[in-house]
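Report on the structure given below.
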Amino acid sequence: MFGINGSELLVLAILAVVILGPEKLPEYAAQLARLVKELRRMATGAKEKLRDEVGDDIVDLDWKKLDPRQYDPRKIIKEALLDDFEDAVSAIKETPAAAVQQRAVGTKQITRLAVNEPAPFDNEAT
């Protein structure tokens, strides 16, 4: 509950008794309980309203897939480059020797990108 363990909760309770006093503590505890109930009611109402407006598709939605923290641009680029490289290698293995030379330039460019080598200034890079 809110990242508070038992000993911290005990310290907070003792501080509340000392600061508020034993006379007003039950009154403030009741107010806190009403506030928590009202917040829960509002959250439930918001969920129901969202479900009514969007439909039942929102229940089946996997929110973890939409979390932007899981996307790492470096990982996405690396996977895309490796996929292109693997596609080029498999295409070279399957094509005849004449087509291999045509694809060799593209493969060299992909390899340079994968290992961060600078491109030479000759016609081979085009």
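Would you check which residues across segment 24-59 are among the polar types (S, T, N, Q) and farther than 17 Å from residue 13 by Cα and list them? The one that is among the polar types (S, T, N, Q) and farther than 17 Å from residue 13 by Cα: 44.
Within segment 60-73, identify whether any single residue is of a type in the set (Lys, Arg), at pLDDT below 85 and surrounded by 10 or more Cβ atoms within 10 Å (Cβ to Cβ), and answer yes or no.
The answer is no; no qualifying residue exists.
Residues 38, 53, 117, 94: which one is open to solvent by 90 Å² or more (accessible area, probe 1.4 Å) and at pLDDT 75 or above?
Going through 38, 53, 117, 94 in turn, just one is open to solvent by 90 Å² or more (accessible area, probe 1.4 Å) and at pLDDT 75 or above: 53.
The values are calculated or read from the model by the stated rules, or taken from the named source; none is laboratory data. In this text, all values refer to a predicted model and were calculated from it rather than measured experimentally. Positions of Cβ are generated from backbone atoms using ideal geometry, with glycine treated the same way; all protein chains shown enter the neighbour counts. We work out accessible area using only protein heavy atoms, side chains counted, and drop any ligands, DNA or RNA first. Shrake-Rupley method; radii C 1.70, N 1.55, O 1.52, S 1.80 Å.
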